[in-house]
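These notes concern the structure reproduced below.
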Amino acid sequence: MVKDLVYLIPAGKYGKEEILNLLNNHPEIQFASLVGIDLAGNDTDEKVPINLFIKDMDDFYNGSAVQTDGSSVVLTGIATLNNAKVDMLADAGVNWFVDYNFEHIDEATGKPVGTLRIPAFLVHNGLRVDSRSILAQSLEYIKGEIQALFQKNEKIAGLEHINNAEVDDILFTAATELEFWVKTPANKAEVEELSASQVMQEQYWQRTRGNVRTAMEQALLMMARYGLEPEMGHKEVGGVKARIDEAGHLSHVMEQLEIDWKFSNALQCADNELQARILVKEAFRANGLEVTFKAKPIIGVAGNGEHTHVGIAARLKSGKIVNLFSPADMKQHFLSAIGYGAIMGLLKHYEVINPFISSTNDSLNRLKPGFEAPICIVTSLGHTPAVPSRNRTILAGLVRDINNPLATRFEVRSPNPYTNTYIALTAFYMSMLDGIKAAVNSGKSVAEIDAELSKAAGTAGFYLETDRAYRSEHDVFDDYSEEERDRLFSKPPATVWENTQSISKYPEKVKTLTAGGAFRPELVQAFVAGALVRWQTELLNRIIPENLAIVKEAKLLHDADSGSDLDLHHWDKINSLRMYLAKDCLSQKSLFTRIKEAIETSDYDSVSALQIEMSEKIGTLKILYSQYKKNMIHIC
């Protein structure tokens, strides 16, 4: 039955009549859904009976068939309560997927009921306002700008082997790597146990077992049916060994996994990632397992990253594909002028890129020193062009194979599974364009541009900022102190508020992202406004209540007979912290209350500072209570 289903309608393969024939031949496809992506990366799912879709197909293409309430999705300050109508416009330039409900079998065909998911653009007051549009329109602008560089310059440093007049098209290739935690419902593992397993590397690349193995294999096979071309699935560093219950099934599953699939063009890459997350969740749910894509689901243990690979290529009139990052001589140089310009542009603008990558409390919890989390705005190319290296402590690293120039790309390590990939790719490529223009228009050789990227802090350059360093082949966690990292590579933001302040602090850098008119200033502000609403709401309604539960769980465990002087010492510290965090007095309000009041008065500087203090004190409380509890022989 599975083989008889249609999973994918490839971009450009079917015209209107072909789609109608396909739907008539597959009556199990009973719904159509236009999939628009709001500024937070949420996808819409409005099911339309397939007979209505067929009847009004032309209207689906021109955006007049389906509308949505824009005030119900994240288009903050754009689609308001008194102006909420948003039209949905089908995108015929990408793959369409059929999403099957294997728990709902069509009586007539005996097959699962399917929904044709059609990627769409969101239009408000005649302008596109969605994440997919921002990426699609930005790429068109960038393409034109790079083509103009080839027309303007007879030769480009490092790309002397290309006849510029032969450049026919510019291609943007991208790929993401999806990490996630999986567990059996209601089971918990101690952080110390998870941390010990991680340090001893007991889980990384280990063999999967039981229902985890089944779900992983099912997810990979299903991804192949949807044309995602999976390349690998494996265990990641986090997790503990599962137990076997009385029935012989695995229980207490707590594992971190990763799934990778083949690259594609940038817009299709983001669509594919959305589909991959759906397939992973459904495969593991069907096997009784919960999946979380949170960036830091367990504090103190490795989080989930979603390393994003970006590249730029040219198609020549002959049909040949040439990687524009790769130099003519791969053993002599790391990159072409375009490649160097791309990484310089990314690093120079990262302060205004980061708010779109790490826009949640959860994402910033992941970005701490250690666990290979990138906190420093710095790159690594390798010690010599002939011997590529992979420094996993930096923000964006060069990936290359001297025998395969087409493989050259940059891996940006800061995104997480809930990063809006459409917006992230937009920010990456727009900032890269700025650096590419600077590098190519400088007329400098590849060696001279390499010196610019590799300069020491305090050295002036033609493009990069004087007081910063941008390249390091060292371990940035072990080989630099915190003070050195902050001075050389900039201090990382600790809260969502700190992160978003870069948008107002660096207006010239923001202009780089908004050039071309796709990522318009009002869309930038709408993204930031939505992130700040979510930041405050989560603090009030999730983080503070969760921390209050931690405070309440820290209970007195000793009595006069069983307590030692050390127990008394620990409890005094623990109880003082509990009172400071959660107990209001006439003379002093608790930390939790002060955060709530600062939010009510919109004093966000104070909210941010108090959030940092809360996080530190909760961490201290956890450590103290763990030490106190371990010293209990008899718990009354």
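Among the residues of the stretch 20-47, count how many are surrounded by 19 or more Cβ atoms within 10 Å (Cβ to Cβ) and more than 28 Å from residue 530 (Cα to Cα).
Residues that pass the stated criteria total 6.
What's the total number of residues in the stretch 515-529 that are part of a helix (DSSP H, G or I) and farther than 16 Å from residue 599 by Cβ?
Total meeting the criteria: 8.
Assuming residue 568 fulfils every condition listed in (1) surrounded by fewer than 18 Cβ atoms within 10 Å (Cβ to Cβ); (2) farther than 15 Å from residue 625 by Cβ apart from one, which condition is it?
(2)
When the stretch 467-496 is examined, which residues are found to be among the basic types (Lys, Arg) and either out of contact with any Cys (no Cβ under 9 Å at 6 or more places or on another chain) or surrounded by fewer than 14 Cβ atoms within 10 Å (Cβ to Cβ) (or both)?
Within the stretch 467-496, 468, 471, 487, 491 meet the criteria.
Go through (1) at pLDDT below 95; (2) more than 21 Å from the chain's Cα centre (by Cα) one by one and return the number of the condition residue 552 breaks.
Against the list (1) at pLDDT below 95; (2) more than 21 Å from the chain's Cα centre (by Cα), residue 552 comes up short only on (1).
Of the numbered conditions (1) surrounded by fewer than 20 Cβ atoms within 10 Å (Cβ to Cβ); (2) under 30 Å from residue 257 (Cα atoms); (3) not small (Gly, Ala, Ser), residue 410 fails exactly one; give the number of that condition.
Failed condition: (1).
Being modelled with pLDDT of 95 or more and more than 25 Å from residue 401 (Cα to Cα), is that true of even one residue in the stretch 301-319?
Checked against the condition, which is being modelled with pLDDT of 95 or more and more than 25 Å from residue 401 (Cα to Cα), the stretch 301-319 yields at least one hit.
Quick one: which of 456, 438, 460 is within 26 Å of residue 356 (Cβ to Cβ), small (Gly, Ala, Ser) and out of contact with any Lys or Arg (no Cβ under 8 Å at 6 or more places or on another chain)?
Step by step, each of 456, 438, 460 is checked, and only 438 is within 26 Å of residue 356 (Cβ to Cβ), small (Gly, Ala, Ser) and out of contact with any Lys or Arg (no Cβ under 8 Å at 6 or more places or on another chain).
Are there strands (runs of 3 or more DSSP E) fully within the stretch 258-361 with at least 1 residues that are touching an Asp or Glu at 6+ places or on another chain (Cβ under 7 Å) and of a type outside the set (Phe, Trp, Tyr)? List them. Walk me through how you get there before you give the answer.
Working: elements: 290-292, 308-316, 321-323.
It comes to 308-316.
Among the residues of the stretch 384-399, write down those that are crowded, with 23+ Cβ neighbours inside 10 Å, modelled with pLDDT of 90 or more and assigned to a loop (DSSP other than H, G, I, E, B).
394, 395
For residue 85, all conditions in the list (1) among the basic types (Lys, Arg); (2) surrounded by 13 or more Cβ atoms within 10 Å (Cβ to Cβ); (3) closer than 24 Å to residue 269 by Cβ hold save one; what is the number of the exception?
Checking residue 85 against (1) among the basic types (Lys, Arg); (2) surrounded by 13 or more Cβ atoms within 10 Å (Cβ to Cβ); (3) closer than 24 Å to residue 269 by Cβ, the one that fails is (3).
Hey, does the stretch 583-592 have a residue that's surrounded by fewer than 17 Cβ atoms within 10 Å (Cβ to Cβ), in a helix (DSSP H, G or I) and not acidic (Asp, Glu)?
no
Does residue 47 count as modelled with pLDDT under 85, under 23 Å from residue 226 (Cα atoms) and out of contact with any His (no Cβ under 7 Å at 6 or more places or on another chain)?
On the way: modelled with pLDDT under 85: no; under 23 Å from residue 226 (Cα atoms): yes; out of contact with any His (no Cβ under 7 Å at 6 or more places or on another chain): yes.
Spelling it out, it is not the case that residue 47 is modelled with pLDDT under 85, under 23 Å from residue 226 (Cα atoms) and out of contact with any His (no Cβ under 7 Å at 6 or more places or on another chain).
Could you check residue 602 against (1) farther than 29 Å from residue 355 by Cβ; (2) small (Gly, Ala, Ser); (3) loosely packed, with under 13 Cβ neighbours inside 10 Å and say which number it fails?
(1)
Can you tell me how many residues within the stretch 166-188 are surrounded by fewer than 18 Cβ atoms within 10 Å (Cβ to Cβ) and at pLDDT below 95?
4
The values are calculated or read from the model by the stated rules, or taken from the named source; none is laboratory data. Please read all numbers here as calculations on a predicted model, not as lab measurements. Here Cβ is always computed from backbone atoms with ideal geometry, including for glycine, and neighbour counts include all displayed protein chains.
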